[in-house]
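Participant: Dumping the structure here so I can ask a few things about it.
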Amino acid sequence: MPLHLEIVTPERLAYSDEVDMVLVPGSEGELGVLPHHTPLVSLLGLGELKIRKDGNEESFAIVGGFVQVRPDKVVIMAETADLASDIDLERAKHARAEAEKAIASGYVEEADLTAARAALSRALLRITVAERRRREGHRNRG
């Protein structure tokens, strides 16, 4: 029995399909979900979400939100969800450089520094996910 997975962001339905397994970046660490998993709701952290289906693996860069697990369905409600194959590596590297520059400039406002650190974390995650996909080849759908 496969598991139905939906990944939803405020902007769109990022993914909807039957899968064999989901590895979720929870706020307290990685959570593996197989069909018939015990129901739960948990916070998501910043990290790589991995989907396994028919021997293939797809990855998303996930930032924050919640995961709801039922025995036959997983719903990911994330702030952002970027499919590895859709990440523009050069754009992510540019975002990293801009965030590093903002942090190094010594903001006076703590909120600005916090925003720059969050932008740096998101950029580093996207770079990691995109580069891993490149190294591992095109095992992913698409």
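Throughout, read-outs are computed from the coordinates displayed, never taken from laboratory work. Note that the coordinates shown come from a computational prediction; the quantities given were computed from them, not determined experimentally. Note that each Cβ is placed from the backbone with ideal geometry, even for glycine, and that neighbours are counted across all protein chains shown.
Participant: Using a Gaussian network model of the chain whose springs link C-alpha atoms within less than 10 Å, name the residue from Ile87, Ile76, Ile103 with the highest mean-square fluctuation.
Facilitator: Between Ile87, Ile76, Ile103, it is Ile103 that shows the largest mean-square fluctuation.
Participant: Let me ask something else. Give the share of C-alpha pairs in each 5 angstrom bin for region 3-85, from 0 to the last occupied bin, in whole percents, shortest bins first.
Facilitator: Per 5 Å bin, starting at 0, the Cα pair percentages come out as 3, 17, 31, 30, 16, 3, 0.
Participant: Here is a further query. Could you give the angle, 0 to 90 degrees to the nearest 10, between helix 110-136's Cα long axis and the longest principal axis of the Cα atoms of the chain?
Facilitator: Result, in degrees: 50.
Participant: Using Cα pairs closer than 8 Å and at least 6 residues apart in sequence, work out the relative contact order for the chain, in percent.
Facilitator: 22
Participant: Report the Cα centroid-to-centroid distance between region 76-132 and region 1-75 in angstrom, as an integer.
Facilitator: 22
Participant: Charges only on Cβ, +1 for Lys and Arg, -1 for Asp and Glu: so what's the dipole of the chain about the Cα centre, in debye to the nearest 20?
Facilitator: 340
Participant: By what distance, in whole Å, do the Cα atoms of the chain stretch along each of the three principal axes, largest value first?
Facilitator: Computed over the Cα atoms, the extents are 54, 32, 25 Å.
Participant: With springs only between Cα atoms under 10 Å, which of Arg96, Arg122, Arg132 fluctuates most in a Gaussian network model of the chain?
Facilitator: Top of the fluctuation ranking is Arg132.
Participant: Excluding residues fewer than 8 places away in the same chain, name every one of the lysines whose C-alpha is closer than 21 Å to that of Lys73.
Facilitator: Cross-link targets: Lys50, Lys53.
Participant: Compute the convex hull volume of the Cα atoms of region 87-136, divide it by the residue count, and report the result per residue in Å³ as a whole number.
Facilitator: It comes to 51 Å³ per residue, whole-number rounded.
Participant: For an R0 of 22 angstrom, estimate the FRET efficiency from the Cβ-Cβ distance between Thr114 and His94 and round to the nearest 0.05.
Facilitator: Efficiency, rounded to the nearest 0.05: 0.60.
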